[in-house]
Amino acid sequence: MKRATDLGYPNDGTRWMYTLLSEPDLTNELARLASATSHGSTDSVSFQPSPNPECYSQDRYVVQDWHLSTGTWRFHAIFDGHAGEETADYAVEMLPSMMKQHIQGFLDNHKDYSSASISDVMVNAISSLDNAIAHDLLEIFPDPQALDSLSDAAIKDIINDSDRGGQNINKVLHCMRGTTVLVSLVDPTKTHLWVASLGDCQAVYGRQDEFGAWDAILLSSNHNGTESSEVERIKQEHPDEPECVLRNRVLGAIAVTRALGDHEFKLPRVYTERVFLNAVPGFRTQQSVEQFIKRSFTPPYVSNIADVRHLTLDPSSRACLVMCTDGLMDLFEGESRDGGTLDIAALGRRWLEIIGPTVWTEGTNAALHLLREGLGGTDEEKVSQMMTVERTDRWMDDTTILIQRL
């Protein structure tokens, strides 16, 4: 059944058609669109309903078991790409194996490990990948001063090699695009959990008592321009630059303050002016790049150093870890605001309460249940709108959820 909706913006005057779905078609279609899957003890969804190819999801995730010398380690990761999918795709390909090698290398040289030592290994693996992305570009153009002696035509010929295999343009695009990183790691004894965050994806640990009540612990950091501690850190690193953070964005341009890629905020600006702005495909908003790069004097402005939290687990307790991209927070943004600021810890408790009745039920995808609640819950009309509205642009952020039973 076709109906019209204003998607909650009555003052805009615009209405779009959507298809009203009823059960069981509504649930089945949502599960299909969100690629609802279970990987052993982990449920997952990744949802972007827009059919426009230019709006396809830039979220990615990985669930792996690593069979290392000390036993089986459980690795989960979420990547929220921005400005393009290239860096997120590269991170999916490279980070799991790189971190696995770092962990195994440490275990080979240390009989015992502390929680702090594994935290350090995770931080080093993430920053090493980002440094390798920059190194690939610097192998092509090692001397920033030498770029001034090259013409635009010469630079374009070097980097835009898609018709010659694309080795150079891929390296350039890995620098130009970016992604957040959220990683969880559980050791073979299942008594240690580490969560590393770079950007603004979130992880909430929940433990349920015998009466069904949840104890929630936020294990991720919020690395963006609305976080006062992050803003203060950047201002201290660039004390004579009043526009290093502008309008809650780094250099007035990017929301996240830590990420993989985004080397237009990390390398000397000549690389953006002479290399990145000559790349094909280029930035999606070339003009805005030309504006913010004028504020770049002492890079880096965006960090690749992850925060890591460690938690000691009780294997006998009923516990889970909710990991998500910021799209899930957008769906619930009206529920947990304190003075206009999103209370992520309170939101995490709300998510745990939502999945509580289903997370321990065999055959039920708790991540799908949480996504459904964010889209409108039992309101079939609202959920149908969010799934099927006929718009050419995106009407919601990419949303990925992993729920891991610990």
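The values are calculated or read from the model by the stated rules, or taken from the named source; none is laboratory data. Quick caveat, the model's predicted, so the values are computed rather than measured. Heads up, the Cβs are rebuilt from the backbone with ideal geometry, glycines too, and the neighbour counts pull from every protein chain shown. Quick note on the areas: whole protein, heavy atoms, side chains included, nothing else; ligands and nucleic acids left out. Shrake-Rupley method; radii C 1.70, N 1.55, O 1.52, S 1.80 Å.
Quick rundown of the values:
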| item | result |
| --- | --- |
| Rounded if a/c under 1.5, otherwise prolate or oblate - the chain, Cα gyration tensor axes | oblate |
| Cα-based convex hull, segment 167-234, per residue volume (Å³, whole number) | 152 Å³ |
| Leading residue at positive end of dipole, the chain (Cβ point charges), from P10, Q291, I155 | I155 |
| Amide N of segment 276-298 lying under 19 Å from the label point, which is placed 7 angstrom from the Cα of L246 along Cα→Cβ | 277, 284-298 |
| Formal net charge of residues neighbouring L20 (Cβ-Cβ distance under 11 Å; K, R +1; D, E -1) | 0 |
| Partners for K111 among lysines (Cα-Cα distance below 20 Å; same-chain residues under 8 apart left out) | K100, K190 |
| Packing-based ranking, highest mean first, of 214-226, 269-281 given that Cβ atoms within 10 Å are counted | 214-226, 269-281 |
| Simple Cβ-charge dipole of segment 1-130, Lys/Arg +1 and Asp/Glu -1, about Cα centre, in debye nearest 20 | 260 debye |
| Bins of 10 Å from zero: percent of alpha-carbon pairs in segment 246-364 | 10, 28, 25, 20, 13, 3 |
| Residue-normalised accessible area of segment 163-267, expressed per residue, 1.4 Å probe, Å² | 37 Å² |
| Burial ranking of peptide ranges 353-363, 52-62, 177-187 (average Cβ count within 10 Å, highest at the top) | 177-187, 52-62, 353-363 |
| Ranked by how many other beta carbons lie within 10 Å on average, peptides 311-317, 88-94 from highest | 88-94, 311-317 |
| Positive-end extreme of charge dipole, the chain - chosen from Q104, S35, G252 (charges on Cβ) | Q104 |
| Under 16 Å from the Cα of K266 - lysines, other chains or at least 8 residues apart | K171, K235, K294 |
| Globularity ratio of segment 315-405, using Cα Rg and 2.2 N^0.38 Å | 1.16 |
| Under 5 Å, built H, 5+ apart or other chain: amide partners of R258 | G199, S303 |
| Integer Hz, Karplus 6.51/-1.76/1.60 couplings in order for segment 326-332, x for Gly and Pro | 5, x, 5, 5, 4, 5, 10 |
